[in-house]
Amino acid sequence: MKSLPAGRQGYEQNKIIAMIKNYFKTALRNLKKDKVYSLINIGGLATGMSVAMIIGLWVWDELSFDKYHKNYDRIAQVWQFVKFDAEKSSYNSLPIPLAAELRKKYPDFTTTSVSTYNRDVILTTGDKKLSRTGMFVEPDFPKMITPEMLAGPRDGLKDIYSIMISQSLAKSIFGIEDPLNQVIRLNNKEDVKVAGVYKDFPGNSSFKDVFFLASWQLFTTMDGYAKFASDQWDENSFQIFAQLKEGAALNNVSAKIKDIRMNMEDPPKYKPEFFLHPMSKWHLQGDFKNGVNEGGLIKLVRLFGIAAIFVLLLACINFMNLSTARSEKRAKEVGIRKTLGSARSQLVQQFFSESMLVSFIALLLCIVIVQLLLPFFNQITNKNMTILWTSLLFWLFAIAFSLVTGLIAGSYPALYLSSFRPIKVLKGSFKAGRLVSLPRKVLVVFQYTISVTLIIGTIVVFRQINYAKDRPVGYDSNGLIEVNMTTPDLRSHYEALRTDLLNTGAVTELSQSSQSIVSDYGGTTNVSWRGKTPDTRPLLMANSITHDYGRTIGWKILEGRDFSKDFSTDTSAIILNQAAANLMGFKSPLDETVKFGGKDYRVVGVVSNMIKGSPFEAVKPSFFTINFRALNVINIKLSSHNSVNAGLGKIENAFKKYNPTAPFEYKFADEQYTAKFATEQRIGKLAGFFAAFAIFISCLGLFGLASFVAEQRRKEIGIRKVLGATIASVWQLLSREFLLLVFISLVIASPVAWYIMHNWLENYTYRIEMSWWIFGAAAFTALFITLLTVSFHGIKAAIANPVKSLRTE
């Protein structure tokens with residue numbers, strides 16, 4: 001192909017530039033000409049784009065979880081499947097000796113490390129006392145997860161008496177001093193030296209709450225149970241992390257380690273199967289059912305990602321509908337342009353330039369809206385997201401996003417309006433026709449189908465949350481606080497502390513327990529009773545408590561009695577919860593014998609089920625025994641005769657007397673229980689957020705369409721009024737069509753919403769039924785909002801003077 005001469009080439013370029021300028025001048029003129037239409041289009045698109053951008057930032061944050069760690073693709077956590085009953089259960093709690101076994105016999109790993117779960121530890125230096133969460137790990141662990149070191153090396157935990165701390169902790173405890181080689185005392189037991197300072201892990205890291213890393217060896221000297229469990233294959237209480245070698249296939253290595261325990265002598269009856277759970281799946285794909293990974297939060301990410309796309313589509317639909325509704329107004333313009341020689345392709349370009357301009361203006365408005373909404377959205381999602389102002393990729397994506405939105409929004413109007421025949425248009429014989437309005441009606445139905453589905457989803461989520469919240473918890477959480485016994489001072493002075501607290505008048509009762517009232521761990525299969533099937537090993541939750549525990553938490557005795565110091569034999573007594581009594585199948589459980597840990601216990605009471613785990617799941621079979629050696633929590637019942645603040649002040653003084661090396665920190669049981677609903681509440685708020693925006697966008701579209709329908713039928717309404725039509729009949733005439741479309745959307749949305757929400761509810765054992773009134777409430781809401789939206793133009797047209805509309809005839 002011959003190239004054009006330089007002059008000719010320049011002429012063509014100038015011609016193209018002039019044509020583009022003309023397109024945008026015309027587009028601006030049309031936007032100014034009909035300001036209401038323009039505001040509806042720009043506002044609707046900006047709203048849809050804002051929702052899509054906010055959710056896009058959230059999805060990006062979720063999908064990039066843990067990618068901060070350099071070895072992200074090769075880090076895994078060891079889990080195990082166990083079989084207590086018919087189905088396999090999954091746990092990331094493992095025996096300590098497994099780590100040594102992996103290091104010794106499996107060359108596929110470069111690093112393996114035992115670790116504690118996140119633990120609250122009191123850190124003291126000089127007069128400063130802080131409580132922070134951290135982990136005790138083996139020396140190679142920091143090299144595996146690669147924290148960004150600000151001072152010191154990553155291998156700083158080789159010395160047993162060393163610690164690595166986060167930047168924020170270093171600032172809190174040392175201020176502007178150099179933290180390296182400074183001494184910190186842990187839980188008033190051991191002194192450690194700061195060997196390194198790392199940058200705080202980001203909010204989308206699994207280690208975001210890890211503010212220190214300390215030596216695993218040190219932990220075994222501080223914690224008697226860890227020392228005992230170091231060579232016990234059936235003590236599953238710790239975590240194991242591993243890093244694979246380059247090129248090692250995770251699934252193949254998982255298959256190799258699967259039967260390590262079962263191939264040893266005397267394998268356990270719960271048949272453990274070890275496997276590797278990769279870091280890439282920790283956050284979003286951590287739900288297992290009967291040995292199969294069923295996903296997890298990834299379902300929510302996909303669902304809301306799709307919802308964001310649909311909300312953006314709603315805005316694009318508004319643009320299409322309003323553009324085609326104005327077709328008769330633009331018809332003469334198209335006819336004249338074609339008569340003067342414009343090709344259809346040029347008209348298509350003209351209409352696309354209009355949609356691109358609207359889309360670009362909407363993008364600018366969208367960024368303003370997103371900036372204003374992000375603080376609110378961060379509060380809902382518990383994140384700290386910001387617009388990526390300095391990211392070139394973000395701006396490229398935003399511009400591409402705007403272009404694609406403009407193309408989608410302008411596609412149908414451009415192709416439709418450019419197809420008009422100039423002869424018919426200029427003769428005045430052009431009519432849009434009924435069939436032309438069919439796509440608009442379909443799109444309105446689509447809009448409201450999505451809106452109604454989101455309304456139903458929001459109602460179901462909040463009903464499920466309230467249903468679980470109204471479930472009896474089995475104890476009295478009012479005024480119940482918990483204090484963790486992190487230092488030996490509290491353990492050794494508990495009786496004196498108890499006496500002082502009761503003497504303050506701020507406390508009615510207190511007790512000790514092995515775990516929080518809102519936590520459910522410490523499961524055991526080492527339990528037997530009369531009539532137990534020999535081949536079964538059900539999991540029961542073991543709880544160690546002191547005599548006053550029941551009176552402190554206010555549990556409900558169903559049969560028998562509570563523990564009492566008046567009975568010296570109660571150290572060999574056991575109390576069952578209702579679920580455990582049902583599992584054991586005793587007709588009369590009192591005085592039955594239960595064997596646990598090689599010791600016989602006599603059943604003295606049965607208490608109502610207490611929700612310690614998930615409020616959406618069945619209560620696990622549990623039992624309670626008196627054991628003064630395995631106590632970690634002090635439970636305190638506040639007196640109702642004192643103000644909470646005054647009572648806490650008196651309690652704090654007593655704690656400082658016997659535990660001066662640690663800050664007084666407490667947790668309200670009812671607040672901890674409420675926190676269990678955080679995920680579901682987040683889902684509900686997000687669904688409500690989407691529903692509100694979807695309805696707003698749909699209403700904008702209906703408002704615009706109603707105005708054009710009223711304009712198109714202005715003369716018809718004038719004639720009807722002259723012939724005696726009432727305001728109500730005219731209003732009904734204009735509203736009927738839109739109400740019919742919304743009714744059709746209700747018919748479509750109801751089964752769709754039922755299917756989606758029914759599948760969501762299947763994730764919960766304790767769940768609501770999908771009542772008919774939920775769909776009725778959604779229908780009423782949609783119809784009411786539609787009437788409000790459409791009625792403005794319907795009533796305005798009905799009360800207009802017919803003389804004005806008929807004046808031109």
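Being open to solvent by 60 Å² or more (accessible area, probe 1.4 Å) and either at pLDDT 85 or above or part of a helix (DSSP H, G or I) (or both) is true of LYS685.
Does any residue of region 296-312 turn out to be surrounded by 15 or more Cβ atoms within 10 Å (Cβ to Cβ) and touching a strand residue (DSSP E or B) at 6+ places or on another chain (Cβ under 7 Å)? For region 296-312, residues surrounded by 15 or more Cβ atoms within 10 Å (Cβ to Cβ) and touching a strand residue (DSSP E or B) at 6+ places or on another chain (Cβ under 7 Å): present.
Please find, among ASN759, ASN763, the residue that is outside any helix (DSSP H, G or I) and either in contact with a Phe, Trp or Tyr (Cβ under 8 Å, 6 or more places away or on another chain) or not hydroxyl-bearing (Ser, Thr, Tyr) (or both). Explain how you work it out, then say what you get.
On the way: ASN759 fails: outside any helix (DSSP H, G or I).
Criteria check complete, one pass: ASN763.
With respect to (1) buried (at least 18 other Cβ atoms within 10 Å of the Cβ); (2) polar (S, T, N, Q); (3) under 28 Å from ALA86 (Cα atoms), the lone exception for GLN243 is condition (3).
If I ask for residues that are farther than 25 Å from ASN382 by Cα and either among the basic types (Lys, Arg) or crowded, with 20+ Cβ neighbours inside 10 Å (or both), which ones from region 209-224 would you list? Steps first, answer last, please.
Taking region 209-224 first, the residues farther than 25 Å from ASN382 by Cα are 214-224.
Correct list: ALA214, SER215, TRP216, LEU218, PHE219.
For region 32-87, the candidate set comprises residues that are farther than 30 Å from THR110 by Cα, in contact with a Ser or Thr (Cβ under 8 Å, 6 or more places away or on another chain) and outside any helix (DSSP H, G or I); within that set, the residue that is least open to solvent (accessible area, probe 1.4 Å) is PHE84.
Would you confirm, using the coordinates I've provided, whether GLY550 is in contact with a strand residue (DSSP E or B) (Cβ under 8 Å, 6 or more places away or on another chain), at negative phi and among the small types (Gly, Ala, Ser)?
Numbers: in contact with a strand residue (DSSP E or B) (Cβ under 8 Å, 6 or more places away or on another chain): yes; at negative phi: yes; among the small types (Gly, Ala, Ser): yes.
Yes.
Among the residues making up region 104-140, those that are in a strand (DSSP E or B), open to solvent by 60 Å² or more (accessible area, probe 1.4 Å) and within 18 Å of PHE201 (Cα to Cα) are ARG119, ASP120, ARG132. A Cβ distance below 8 Å, combined with a sequence gap of six or more or placement on separate chains, defines the contacts here; from region 514-532, residues that are closer than 23 Å to SER477 by Cα reach residues that are β-branched (Val, Ile, Thr) and open to solvent by less than 20 Å² (accessible area, probe 1.4 Å) in the pairs SER514/ILE545; SER514/VAL633; GLN515/VAL633; SER516/VAL633; ILE517/ILE553.
Being closer than 18 Å to SER528 by Cβ and in a helix (DSSP H, G or I) is the filter; apply it to region 573-584 and report the residue that is most open to solvent (accessible area, probe 1.4 Å). Among them, the one singled out is ASN582.
A quick yes/no check of all residues on (1) touching a residue at least 60 places away in the same chain (Cβ under 8 Å); (2) under 13 Å from ASN635 (Cα atoms):
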site	(1), (2)
ASP470	no, no
GLY474	yes, no
SER477	yes, yes
LEU480	yes, yes
VAL483	yes, yes
THR486	yes, no
THR499	no, no
THR504	yes, no
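Residue count for region 276-295, restricted to those that are open to solvent by 30 Å² or more (accessible area, probe 1.4 Å), without any contact (Cβ under 8 Å) to a residue 60 or more places away in the chain and not in a strand (DSSP E or B): 2. Taking the numbered list (1) under 30 Å from MET385 (Cβ atoms); (2) open to solvent by less than 50 Å² (accessible area, probe 1.4 Å); (3) part of a helix (DSSP H, G or I) in turn, LYS171 passes all entries but (2). Of all the listed residues (GLN243, GLN239, GLN217), the sole one being in contact with a strand residue (DSSP E or B) (Cβ under 8 Å, 6 or more places away or on another chain) and either under 22 Å from PRO267 (Cα atoms) or not in a strand (DSSP E or B) (or both) is GLN239. The condition of being touching a strand residue (DSSP E or B) at 6+ places or on another chain (Cβ under 7 Å), on the phi < 0 side of the Ramachandran plot and of a type in the set (D, E, K, R) holds for only one of ASP223, ASP287, that being ASP287. For region 184-195, check the following and say yes or no: at least one residue is in contact with a helix residue (DSSP H, G or I) (Cβ under 9 Å, 6 or more places away or on another chain), among the charged types (D, E, K, R), crowded, with 16+ Cβ neighbours inside 10 Å and farther than 26 Å from LEU631 by Cβ. No, there is no match, as no residue in region 184-195 is in contact with a helix residue (DSSP H, G or I) (Cβ under 9 Å, 6 or more places away or on another chain), among the charged types (D, E, K, R), crowded, with 16+ Cβ neighbours inside 10 Å and farther than 26 Å from LEU631 by Cβ.
In region 43-62, the residues that are under 10 Å from CYS366 (Cβ atoms) and polar (S, T, N, Q) form Cβ pairs under 7 Å with partners that are assigned to a helix (DSSP H, G or I) and open to solvent by 10 Å² or more (accessible area, probe 1.4 Å), at six or more places apart or across chains, as follows: THR47/PHE693; THR47/PHE696; SER50/ILE369; SER50/LEU373. Taken as a whole, the condition of being assigned to a loop (DSSP other than H, G, I, E, B), touching a helix residue (DSSP H, G or I) at 6+ places or on another chain (Cβ under 8 Å) and under 17 Å from ILE545 (Cβ atoms) does not apply to LYS612. SER254 passes every criterion in (1) touching a residue at least 60 places away in the same chain (Cβ under 8 Å); (2) small (Gly, Ala, Ser); (3) crowded, with 18+ Cβ neighbours inside 10 Å apart from (1).
Look at region 247-275 and say how many of its residues are outside any loop (DSSP other than H, G, I, E, B) and closer than 30 Å to GLY203 by Cα.
Step one: filter region 247-275 for residues outside any loop (DSSP other than H, G, I, E, B), giving 250-257, 273-275.
Remaining after also requiring closer than 30 Å to GLY203 by Cα: 250-251, 254, 274-275.
Qualifying residue count for the region: 5.
Screening VAL633 on (1) open to solvent by 10 Å² or more (accessible area, probe 1.4 Å); (2) of a type in the set (A, V, I, L, M); (3) within 23 Å of THR546 (Cα to Cα) shows it passes everything except condition (1).
Being assigned to a strand (DSSP E or B), modelled with pLDDT under 95 and surrounded by fewer than 22 Cβ atoms within 10 Å (Cβ to Cβ) narrows it down to one residue among LYS587, LYS595; which is it? Working first, answer last.
Numbers: LYS587 fails: assigned to a strand (DSSP E or B).
Selected residue: LYS595, the only one of LYS587, LYS595 that is assigned to a strand (DSSP E or B), modelled with pLDDT under 95 and surrounded by fewer than 22 Cβ atoms within 10 Å (Cβ to Cβ).
Say whether the condition of being farther than 22 Å from VAL604 by Cβ, modelled with pLDDT under 90, in a loop (DSSP other than H, G, I, E, B) and among the small types (Gly, Ala, Ser) is met by at least one residue in region 487-499. No; the residues of region 487-499 include none that is farther than 22 Å from VAL604 by Cβ, modelled with pLDDT under 90, in a loop (DSSP other than H, G, I, E, B) and among the small types (Gly, Ala, Ser). Of everything listed in (1) of a type in the set (S, T, N, Q); (2) under 18 Å from SER215 (Cα atoms); (3) within 35 Å of the chain's Cα centre (by Cα), the single unmet condition for GLN182 is (3).
The single condition among (1) more than 20 Å from ALA669 (Cα to Cα); (2) in contact (Cβ under 8 Å) with a residue 40 or more places away in the chain that SER572 does not meet is (2). Summed over region 523-572, residues that are among the polar types (S, T, N, Q), assigned to a loop (DSSP other than H, G, I, E, B) and open to solvent by 70 Å² or more (accessible area, probe 1.4 Å) total 2.
Has region 145-166 got at least one residue that is in a loop (DSSP other than H, G, I, E, B), at pLDDT below 90 and more than 29 Å from TYR72 (Cβ to Cβ)? So far as region 145-166 goes, no, none of its residues is in a loop (DSSP other than H, G, I, E, B), at pLDDT below 90 and more than 29 Å from TYR72 (Cβ to Cβ).
The values are calculated or read from the model by the stated rules, or taken from the named source; none is laboratory data. Quick caveat, the model's predicted, so the values are computed rather than measured. Neighbour counts are summed over all protein chains in view; Cβ atoms, including those assigned to glycine, are modelled from backbone coordinates with ideal geometry. What goes into the accessible areas is simple: the full protein's heavy atoms, side chains included, and nothing from ligands, DNA or RNA. Shrake-Rupley method; radii C 1.70, N 1.55, O 1.52, S 1.80 Å.
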